[in-house]
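Everything below concerns the one structure shown next.
The values are calculated or read from the model by the stated rules, or taken from the named source; none is laboratory data. Note that this is a predicted model, so its numbers are computed, not measured. Positions of Cβ are generated from backbone atoms using ideal geometry, with glycine treated the same way; all protein chains shown enter the neighbour counts.
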Amino acid sequence: MRFRIGGDTFVVVKSEEEIDLRVREISGWIVEDEEKLIYINYLGKKVPFCGNATRVVGFMNMMRKNLRDYVVWAEGPKKVYLNGNMVGIELEVEYRNFGEFSTVHMEGVKHMVFPSENPNFKPFLENTDYHINFYKPFGEIIFVRTWEQGHPSEALGCATGSLSAGIDYIMRKSFHTVFVKTLSGDWGRVSISGKGFTLENPIEYEEG
């Protein structure tokens with residue numbers, strides 16, 4: 001099966017032997033599992049936590065078991081849930097505001113966020129283990145851009161990147177929720193929740 005959510009496209013396979021890294025225009029491969037995330041990205045690297053891939057695993061299990069939420073193990077337990085036609089993930093974070101930028105730590109990944117259209121982020125990307133985000137507000141939506149550590153180009157979408165940018169905007173503006181849009185054109189919603197923050201996106205999938 002093929003899934004698309006939050007700017008990422010994934011192919012789901014039964015085993016790692018089915019993975020073909022020659023396939024282009026996908027973010028990576030998810031190996032079917034009921035309890036944990038097994039994800040290999042398009043570079044052939046096994047990644048312990050990817051927010052969008054984790055939501056695909058949760059969504060598949062919720063559909064099979066007729067559930068509204070599901071916990072997936074991905075660098076720790078991650079709650080995935082349904083909200084109408086949206087698939088959400090709820091994460092606890094550590095947020096710190098340094099003025100010109102902020103940092104958002106969550107279990108399995110760290111982001112540095114610039115509330116600016118075009119900051120000089122390259123020194124940070126080259127000398128830290130943070131993923132880098134910057135964003136620009138357009139009315140009620142923020143346009144989010146993401147550079148992930150170890151990747152050769154800008155990401156079309158990144159769940160934890162969209163979440164981190166949304167968190168920074170919410171915390172700076174004292175809002176409860178904000179809509180986000182990624183380079184791919186996909187949109188989502190970031191909100192404060194009881195245990196941290198949530199990101200919700202529509203999901204598309206097809207057989208084969």
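Glu75 meets all of the listed conditions (1) outside the structural domain of Thr54 (by TED's automatic domain parsing); (2) in a loop (DSSP other than H, G, I, E, B) but one, namely (1). Looking across the stretch 38-47 at every residue that is without any contact (Cβ under 8 Å) to a residue 40 or more places away in the chain and in a loop (DSSP other than H, G, I, E, B), the one that is surrounded by the fewest Cβ atoms within 10 Å (Cβ to Cβ) is identified as Gly44.
Considering the stretch 48-64, and only residues there that are in a helix (DSSP H, G or I) and surrounded by fewer than 17 Cβ atoms within 10 Å (Cβ to Cβ), the residue that is nearest to the chain's Cα centre (by Cα) turns out to be Met63. Can Phe134 be described as out of contact with any Leu (no Cβ under 9 Å at 6 or more places or on another chain) and not β-branched (Val, Ile, Thr)? So Phe134 passes the test. Scanning the stretch 32-75 for residues that are of a type in the set (A, V, I, L, M, F, W, C) and closer than 16 Å to Arg4 by Cβ returns Cys50, Ala53, Val56, Val57, Phe59, Met60, Met63. Note on the stretch 135-175: among residues that are among the β-branched types (Val, Ile, Thr) and out of contact with any helix residue (DSSP H, G or I) (no Cβ under 8 Å at 6 or more places or on another chain), the one that is surrounded by the most Cβ atoms within 10 Å (Cβ to Cβ) is Ile167.
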